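One structure is given below, encoded as structure tokens.
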Amino acid sequence: MKFSYKILLCSLITMAAAFGIGGYFFVNDVFQASLEREIGQAADDSSILKFAFETAALNIPSKYDILQNSVIEEIGGNLENSGQGSRRLLRLCDEDQKVLYASDGFLGDTVLLGEIREQVRAYQIIHPDRHYYIQTGVMVNALGRTLYLETMKDVTDVYAERTRGFAVYRGLTILILVCCSIVMYIFSYWLTKPIRILTGATKKMTAGDYSSRAEQISSDEMGQLTMDFNHMAKVVEENIHKLEDEVRAREDFIAAFSHELKTPLTAVIGYADMLRSRKLDDEKHFLSANYIYTEGKRLETMSLRLLDIIVTRRYEHEPQDTEVDELFGYLKDLYAERNEVPVLFRYEAARIRVEANLLKSVLLNLTDNACKASEPGGPVEVRGEAGENGYCFLVEDHGVGIPPEECRKITEAFYMVDKSRSRSHNGAGLGLALCVEILKLHGSSLEIESTPGEGSCFWFVIPWEEVSADGTAEKT
Ligand code: ADP
């Protein structure tokens, strides 16, 4: 059952119960008040008749000291017809509860007689043949006799009034419920609108439209729920895009890897086949063997770099306090021997929290690339500057440069701007990809500025880290 129908049903049940119970008590209360009034009137009538009987008994001349049954009958008859416009219903019984006089149509039983006492007005409600009567009874003392005087008052109208009250109230309740159910349906439809909007958005998301959002139409709890849903949808969408990007990157990686593997292998197999199937002169023999060697070396470098990337991705990062002097000292020693491209070093002393070996690998890759891009020429400059947010490393060259559209791609695995030039330098397009992975571990990223024909500058910032008292590092 729909939620809006449930709201409607619950409201209707509550209203029906409230109106039903309230109506019953209201109509019954009015009825009880009317009945009490009728009982009071019947009792008053009964007292008046008692007084009239006693007065009449005293005034009727009698030759006996005691009231005769015939006199009682006569007074009873007079009293019966003494009413204004209507005939009274009364009954007179003697001390032994023997009926002395009874009006025509007096239907009451004699049960009430047992309850009549001196100064006590007894009454009961009797219900013969769809009629309701109040039967009252009093004790009458006249001329030495004690009699019982009973009256009957028709109160059928009062009961009919109650029945009519219930019927009117029932009709009114049904009418109100019908009107309320229309109003409540509109309200419940309006109240559940945010739920319908959310359901629609959920269905769209389930069908694959992750950009779908629910419109927020209120600022109450439902509005808060919509906001939370939209936030959740945004996070899901971002994660899905991230996963899609990762899958695409992996596929690209595998395609590039197979391509990079196939090219040198084809050449290696071709030259090896030539060596084993033909007798070559010394020069061709050397060239073939040399080709196999250099391509083999390239494959070796490629497999080592790949291994490095995979290891770095799964690596448990263990940074240590390191003097930048140590890193620059290592590079200086390495490039002191190489004279093709001069490498200049300029840095500010500082202590940073890094893994020295990994950072050396990054600086070495960037400096190597800069040297390759500068050949012949130079110089290449490697700088270190202490900044506000961290320590900045810069590797700048005045070499071939990189076209702007390539700058974004060169950090992808196997990407080379000039493939033949890179391959001639034993490159496989994995160096920068490795640098990016290592810098990620250090909370940093590789930035590139380059102008084709003028040179490039690669730089990254290692954030300052505070060493807490227990020795664990916290990022600032
Ligand atoms: P490789 O092993 O081929 O050097 P890298 O990932 O280190 O792979 O570099 C990817 C490509 O980026 C290189 O092939 C080269 O074309 C380009 N590149 C990298 N550094 C520079 C630079 N300083 N100047 C010009 N091009 C560069």
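Bear in mind that the values in this text are calculations on the coordinates, not laboratory data. The model shown is predicted, which means the values in this text are computed figures rather than measured ones. When we count neighbours, we look across all protein chains shown, and the Cβ atoms used for this are built from the backbone with ideal geometry, even at glycine.
Centroid-to-centroid, using Cα positions, segment 67-88 and segment 370-398 are 136 Å apart. Qualifying chymotrypsin sites (Phe, Trp or Tyr not before Pro) in segment 31-113, where qualification requires a DSSP coil assignment and no more than 10 other C-beta atoms within 10 Å, comprise 64.
In the structure shown, the pairs 203/242; 2/234; 203/409; 2/242; 360/440 are assessed against 26 Å; a Cα-Cα span above that value is assigned to 2/234; 203/409; 2/242.
A full extension of the chain between residue 326 and residue 16 corresponds to an added length of 102.9 nm, given 0.36 nm per residue minus the alpha carbon distance. Relative to the dominant Cα principal axis of the chain, helix 282-313 is inclined by about 30°. Of the GluC sites (Glu not before Pro) found in segment 373-402, the ones in coil according to DSSP and having at most 10 other Cβ atoms within 10 Å of their Cβ are 388. Evaluated with a Cβ-only charge set (Lys, Arg +1; Asp, Glu -1), the chain carries a dipole of roughly 1720 debye about its Cα centre, given to the nearest 20. Between 0 and 90 degrees, the angle of helix 221-277 with respect to the longest Cα principal axis of the chain falls at about 30 degrees.
Just so you know, the Cα atoms of segment 317-475 work out to an Rg and Dmax of 15.7, 53 Å.
Annotation: the residues 416, 274, sorted from fewest to most other C-beta atoms within 10 Å of their own C-beta, follow the order 274, 416. Model label sites at residue 202 and residue 9, defined 7 Å from Cα along the beta-carbon direction, differ in position by 1.9 nm.
For helix 69-80, what angle does its Cα long axis make with the longest principal axis of the chain, in degrees from 0 to 90 and rounded to 10? Between the helix axis and the principal axis of the chain, the angle is about 50 degrees.
Listed by chain and number, the lysines placed with their C-alpha closer than 19 angstrom to that of residue 153 are 50; residues fewer than eight positions away on the same chain are left out.
Assuming a viscosity of 1.002 mPa s and a temperature of 20 °C, what translational diffusion coefficient in µm² per second does Stokes-Einstein assign to segment 3-167, Rh being the Kirkwood radius over Cα pairs?
It diffuses with D of about 117 µm²/s by this estimate.
The loop-placed GluC sites (Glu not before Pro) in segment 83-148, going by DSSP, that have at most 16 neighbouring Cβ atoms within 10 Å of their Cβ come out as 95, 118. Modelled this way, with points 7 Å down the Cα-to-C-beta line, the labels at residue 232 and residue 253 are 3.2 nm from one another. For segment 325-409, what does the alpha-carbon gyration tensor say about shape, rounded, prolate or oblate, given a ≥ b ≥ c as the root eigenvalues, a/c under 1.5 as rounded, and a/b over b/c as prolate? Judged from the Cα gyration tensor, segment 325-409 comes out oblate (a/c at least 1.5, b/c at or above a/b). Enter the Cα centre distance for the pair segment 244-275 and segment 12-34, rounded to the nearest angstrom. Cα centroid to Cα centroid, the span is 89 Å.
Please report, to one decimal in angstroms, the Kirkwood hydrodynamic radius of the chain built from all distinct Cα-Cα pairs.
Over the chain, the inverse of the mean reciprocal pair distance is 34.4 Å.
Using just its DSSP H runs of length 4 or more, each adding -39500 (n - 2.57), the chain gives a mean residue ellipticity at 222 nm of -19500 deg cm²/dmol after division by all residues. Projecting label points 7 angstrom from Cα along Cα→Cβ for residue 351 and residue 241 puts them 4.2 nm apart. State the answer as a single residue: which of 307, 268, 287 lies farthest towards the positive end of the charge dipole of segment 215-314, with beta carbon charges of +1 for Lys and Arg and -1 for Asp and Glu, about the Cα centre. Farthest towards the positive end: 287.
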